[in-house]
Every structure is written in structure tokens, then in C-alpha cells.
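What follows is one structure encoded as C-alpha cells, with my remarks underneath.
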Amino acid sequence: MENEKTAFRPILSGIFGMIAAGAAIVGLLLSGVGYFLDARQFLFSWLTALVYWTTIGLGALFFVMLHHLVGARWSTVLRRMAENLMWGLPVLAVFFLPILFHMPQAYSWSNPEVMAGDHLLTGKSGYLNVPFFTLRLAAYFLVWFVLVSLLNTYSNQQDTNSSASLTKRMRVVSAAGMVLFAVTLSFAAFDWLMSLDAHWYSTIYGVYVFAGSFLALLALMVLIVLQLRSRGILKNVITSEHDHDLGKLLFAFTIFWGYMAFSQYLLIWYGNIPEETVWFLHRWNGTWKTASLVLIFGQFVVPFFVLFPQAVKRMPAVMKAIGLWILLMHWVDIYWLVMPSLHHEVHLSWMDVTTLVGIGGVFLWFFQRGMRSRPLVPINDPTLAGSIRSLS
Amino acid sequence: MIKLPAGNVLGLLARFDSPAALVAAAEKVRDAGYKKFDCHSPFPIHSMDAAMGLKRSPLGWIVGLAAVVGASSGLGLQWFASTVDYPLVISGKPFFSFQAYVPVTFGVGVLLAATTALVGMLALNGLPRPFHPVFYAEQFSKASDDGFFVSIEADDPLFDEERTTQFLISIGGGNVEALCRD
């Protein structure tokens, strides 16, 4: 038994943590320099990177809650990994400060003059105002912080206490959490992304952002699992059966993302009302059209056909490549949502990279801290043995 | 219908205690070289396909083909109706507005694929099947309750009533019963 427990808690080298910390420091410092050179570019790059990592953290929260809610068995061996990816989520709240301090530069509706001269925006001013925006932002992160802490605390307690009541408690938290999750994620997407173009609205927007966020999380999990295995860690615990299951989910959510993206487009295209179509028009002009095509093919068509055959889901090399690809495409997706509000043509900036690396360094540092501070799987979970043996 | 004389053995049936025992037995029957055998359990057992040495079903390819045919005929129908047969301007959009055709294309593709999956599955596994030698065994009603059975049919080239009976006993089968016509 003792041997088994040490197998679940290998000595992980601190190199990944050092790389993450280094990336965080260098990325954030360079981004800080960017702030003084071009504040607007900095803000939009910052928002893109921040939303990118926040959505991945939210995807992890969803993974854990879904696991508890449905009483899943196959994913017990992956649960701790998702729990570790959640650690970074509440921390990201801090990075919203630069945006809160420069609201008028990022969100035009927060300019009193713009608001006053615009009939449509005046009508929305009860919702779109800086104090309420800030309050909502705080509320989202409070909800996420509470959910992440509760789920992680119970999970830690379970490692030393095999009482079934903890499983039940995590399930109760997840039941309430799932409802809160749907509301907070949707409104966060409305606030942070949709309100960049405050005239425009789409009710499916929250689901669209959710689809991308869970897809990116799955891609990241695939990469982590395969990376650990290539170092011989958990190689008899997380098997190719789990790879297969993850691959199936990745395939399913590729379709779900495409379904949501197309549903949003179809209704707006059909209705053909200028105040709705303008958003797609911005993204179908000049170089943005290229970006839209890259997104359609990169986020849907290519992964769809690559992940289609059954055998591919058990090929580590292909799964690694498609995992990286989907993570890149998720960034293109967020970039495509944010940047047309700043640039009329696609205009990549070095700050897009530094902010992504900087915030990602912090996010992943918290991930590796979780990986190193506790066993890599929930060792007392009653479904663990079944999970290890589970067949896809 | 040809009437077989009573006492003609159509196969053998053996009972096992648990799903795990049934999987282990299936592996041994497979390794012994029997082809015409089947396993019966009240519920699906996850690793049974490999244990019985079943090949992957060709159904996926058939369904895939049906999906392609369905989707292209769905799209083709809409193209024909709105550009050739009865062109009509709808809200100022081009006659061939593929965006509007996606839901129907998808729907017809799924419809044909799903019906093909059902019909193809029935055709490939030979259901519904009103007769099978195992129905002669009284204990077989347990297969829908708590019994796990292996049956080997008499027209398997390796089948020999005595030796196959001994074999089934040797792999742990209980209540080994010859399936005879009454």
C-alpha cells in the first residue's frame, strides 16, 4: 500500500516551476514596458491573454464539477490534474486591475461622452456602468474562488480520510456550482468580451465562449497526460484507455464549438439586421476575413477530420500535435473576439506574446505547485481502482 | 421445414458464475479455436469483444457512407429546389445560400445515418431471431437474470459432443447441458 502511494506522488523536478516563474517575471515585466509604450495595445493584448487563461481555468472547474455531478469513474485519475489547473483561476482576478484602471480606453461605453451621445448605449447604462461592471467582476471571481477552494479542500481531505461523506459533499458543491458556473461564465463573457462592441448583442455568446474554454482545457489535459507519460509518470495509471476517452471528448467539443459558432452566425445572417450583422462584418473585412477563415478551418474543420478516426485517439504523437494546435486556435478565437475592437486590420503585436507568456506563467506556476504538493491522483477516492482499470 | 430427430444435439451450454468468469471463459474458448460460439449475460460486459475475438464491425463504414449520401442528397435537394426548379428570392439573399441549407443538410445526413445504423445493426447481428438452440435449455432463462453462459454450436468444425463437454467443464463451466430438440 505504501508503495502504491509513493507511485502516485513521484518526485517532480522543480524545473517546470522555475520555467513558469521565469516566464511570468519576464513576460509581465516586458508587458509592463509595453504599457508605457502603447497603453491601448497593451490593454487589448492583456485582455486577450487574461481571458485566454481564465477560460482554461474555467474549463478545469467545469471538468471537476461535471466529474462529481455524474459520478464519473473513468476520469478519477484525471481529476487531480484538473483540480490543479483550477488553482490559478482565482488568482487571475488580480490581473483585471490594469483593465479596471483604464476602463475608457478598453470599453468605449465607459466614456461618459460616448454614452451621452448614444441613444442605444444610454438605454443600456443601467447595466453598462463602471461600478456595476466592477461589482460583477468581483462577484464572478468570488464565486469561482469559493468553488475552487471548496472542491480542492475536500479533495485534499479525502487523501487522508476515506469517508464517503466527502464524495457526497463535493457532489453537493458541484450541483450548486454548476448553476453558478453557467451564470457567471455567460455574464463574464458578456461583460469582458461582448461589451467591447456595446451596441452588439448575441444571447448564445456565453455558450460559445464556454465551448471554446472546455475545448482548450481538454487539449491542455491531453498534453499534460502525454508529457507525464513520456517521463514514465503515472504510465500504468493513466492509460491509453483514458487517452481514448479524452480524445472522444476533444472530438465532441470540437463539434460542439462548431455548432455554437455556426448557430450564432446563422441566426444573425438570416435576420440580416444591421445592428447584429455589423459584428460579423468587422470580422469579414480585409485581413480579418483571413483570421475568420483560419478560425473556421483551424478550430473546427482540421481538428474534426484529424480526430475522426478511432485509432488516432490512441496515437500520442498525433494527439500531442492536435492538442497544441487546439490551444493555439483557442488563442486565435479569443484574439478574434477581442482585437477587431482595436484594429481594423489584423495587427499582431509583441505584447500579444509577452502578456500571454506572463499571465500563463503565473497560471501554470500555481498548477505545478498543486502537482508537487499533493499526490497526482485522489488516492482515497473510492472509484480510483475502477478508474485505473476502466476501459474506453 | 426439415424435422430433426429428437435427441439430435444442436450445441452445448455451460454456465459461469460471474461476468469476470465469463470473460475468462470466452478467452479460453476463443484460444481453443472455436468460431461458432456465443456468450450470454444479462447486461453488456465491457471487454467481451476482445475476449471473444470479435473483429470490429463494418457498421461504422456503412453508417459513414449513409451519412455522406444523406447529407449530399439533402444539400442537392435544396440546391435543385431553390436554383433550378423554383428559384425564389428570399430576403434578398442569393438563390444558393448555403448557410441556410446547413441545418437541413445536417438533419438529412443524421436521419439517414441513424436509420442505417439501426437497420444495418439488425441485419449484421441477425436480429430479431425467433429461434436459437439455446432456447431448448430451461436454465437459459437465467441469462436475463443472473446467469452467465457460453454456448457452442454443433456446426462448429471443432465440435465434438464429448470432447467439447469435457473442454467446457475444464474451463470452469457448470451445468453443462446438451441442447437437444425435444
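I'd like to know if the stretch A:263-278 contains one or more residues that are within 22 Å of A:Arg40 (Cβ to Cβ) and at pLDDT below 95. Yes, the stretch A:263-278 contains at least one residue that is within 22 Å of A:Arg40 (Cβ to Cβ) and at pLDDT below 95.
Among residues that are of a type outside the set (Ser, Thr, Tyr) and either more than 14 Å from chain A (Cβ to nearest Cβ) or open to solvent by less than 40 Å² (accessible area, probe 1.4 Å) (or both), B:Phe98 is not included. Residues in the stretch A:210-236 that are without any contact (Cβ under 8 Å) to a residue 40 or more places away in the chain and at positive phi: 1 in all. For the residues B:Leu112, B:Leu77, the requirement of being over 33 Å from the mean Cα position of the chain (by Cα), at pLDDT 95 or above and either within 14 Å of another protein chain (Cβ to nearest Cβ) or open to solvent by 50 Å² or more (accessible area, probe 1.4 Å) (or both) singles out B:Leu77. Criterion first (among the β-branched types (Val, Ile, Thr), within 14 Å of chain A (Cβ to nearest Cβ) and under 23 Å from A:Gln310 (Cα atoms)) does B:Val104 satisfy it? It is false that B:Val104 is among the β-branched types (Val, Ile, Thr), within 14 Å of chain A (Cβ to nearest Cβ) and under 23 Å from A:Gln310 (Cα atoms).
Which one of these is open to solvent by 10 Å² or more (accessible area, probe 1.4 Å), within 24 Å of A:His343 (Cα to Cα) and more than 14 Å from every other protein chain (Cβ to nearest Cβ): A:Leu220, A:Leu196? Break it down stepwise before answering.
Values: A:Leu220 fails: within 24 Å of A:His343 (Cα to Cα).
Residue meeting the stated conditions: A:Leu196.
Within the stretch B:39-60, the residues that satisfy the criterion of being hydrophobic (A, V, I, L, M, F, W, C) and within 12 Å of another protein chain (Cβ to nearest Cβ) are B:Ile45, B:Met48, B:Ala50, B:Ala51.
hydroxyl-bearing (Ser, Thr, Tyr), farther than 17 Å from A:Phe95 by Cβ and open to solvent by 10 Å² or more (accessible area, probe 1.4 Å) - does that describe any residue in the stretch A:13-24? Talk me through it step by step, then tell me what you get.
Quick first cut of the stretch A:13-24, residues hydroxyl-bearing (Ser, Thr, Tyr) only: A:13.
When the remaining residues are screened for being farther than 17 Å from A:Phe95 by Cβ, the result is A:13.
Cutting the leftovers down to open to solvent by 10 Å² or more (accessible area, probe 1.4 Å) gives us A:13.
Yes, the stretch A:13-24 contains a residue that is hydroxyl-bearing (Ser, Thr, Tyr), farther than 17 Å from A:Phe95 by Cβ and open to solvent by 10 Å² or more (accessible area, probe 1.4 Å).
All of (1) in contact (Cβ under 8 Å) with a residue 24 or more places away in the chain; (2) surrounded by fewer than 16 Cβ atoms within 10 Å (Cβ to Cβ); (3) assigned to a helix (DSSP H, G or I) hold for B:Gly33 with one exception: (3).
Figure legend. Inter-residue proximity from the stretch B:104-127: first residues under 23 Å from B:Cys39 (Cβ atoms), second residues part of a loop (DSSP other than H, G, I, E, B), beta-carbon distance below 7 Å, spacing 6+ or different chains. Indicated pairs: B:Leu124/B:Ser57.
Residue count for the stretch A:71-96, restricted to those that are open to solvent by 10 Å² or more (accessible area, probe 1.4 Å) and at pLDDT 95 or above: 5. Within the stretch A:116-159, the residues that satisfy the criterion of being open to solvent by 60 Å² or more (accessible area, probe 1.4 Å), of a type in the set (S, T, N, Q) and either without any contact (Cβ under 8 Å) to a residue 12 or more places away in the chain or in contact with a Leu (Cβ under 9 Å, 6 or more places away or on another chain) (or both) are A:Thr122, A:Thr153, A:Gln157.
Looking only at helices (runs of 4 or more DSSP H) that lie completely in the stretch A:1-111, which have at least 3 residues being closer than 20 Å to A:Met221 by Cα and among the aromatic types (Phe, Trp, Tyr)? Before the answer, list the steps.
Working: elements: A:2-7, A:15-37, A:39-70, A:76-86, A:88-91, A:97-101, A:103-106.
The helices (runs of 4 or more DSSP H) meeting that bar are A:39-70.
Taking first residues from the stretch A:261-273 that are more than 7 Å from every other protein chain (Cβ to nearest Cβ) and part of a helix (DSSP H, G or I) and partners that are open to solvent by 70 Å² or more (accessible area, probe 1.4 Å) and not hydroxyl-bearing (Ser, Thr, Tyr), the Cβ contacts under 8 Å between residues at least 6 apart in sequence or on separate chains come to A:Ala261/A:Ile296. Among the candidates A:Val207, A:Val179, which residue alone is without any contact (Cβ under 8 Å) to a residue 40 or more places away in the chain and open to solvent by 30 Å² or more (accessible area, probe 1.4 Å)? Answer to the check: A:Val179. All of A:Gln299, A:Gln368 fail the test of being modelled with pLDDT under 95, at negative phi, in a helix (DSSP H, G or I) and not aliphatic (A, V, I, L, M), apart from A:Gln368. Across the stretch A:182-191, the number of residues qualifying as more than 14 Å from the chain's Cα centre (by Cα) and open to solvent by less than 50 Å² (accessible area, probe 1.4 Å) comes to 2.
Does B:Pro157 qualify as being surrounded by fewer than 14 Cβ atoms within 10 Å (Cβ to Cβ) and outside the structural domain of B:Asp38 (by TED's automatic domain parsing)? Considered against the rule, which asks whether it is surrounded by fewer than 14 Cβ atoms within 10 Å (Cβ to Cβ) and outside the structural domain of B:Asp38 (by TED's automatic domain parsing), B:Pro157 comes out as no.
The values are calculated or read from the model by the stated rules, or taken from the named source; none is laboratory data. Note that the structure is a prediction, hence the values are computed from the model and not measured. Note: ideal-geometry Cβ built from the backbone for every residue, glycine included; neighbour counts use all protein chains shown. For accessibility, only protein heavy atoms count, side chains too; no ligands or nucleic acids. Shrake-Rupley method; radii C 1.70, N 1.55, O 1.52, S 1.80 Å.
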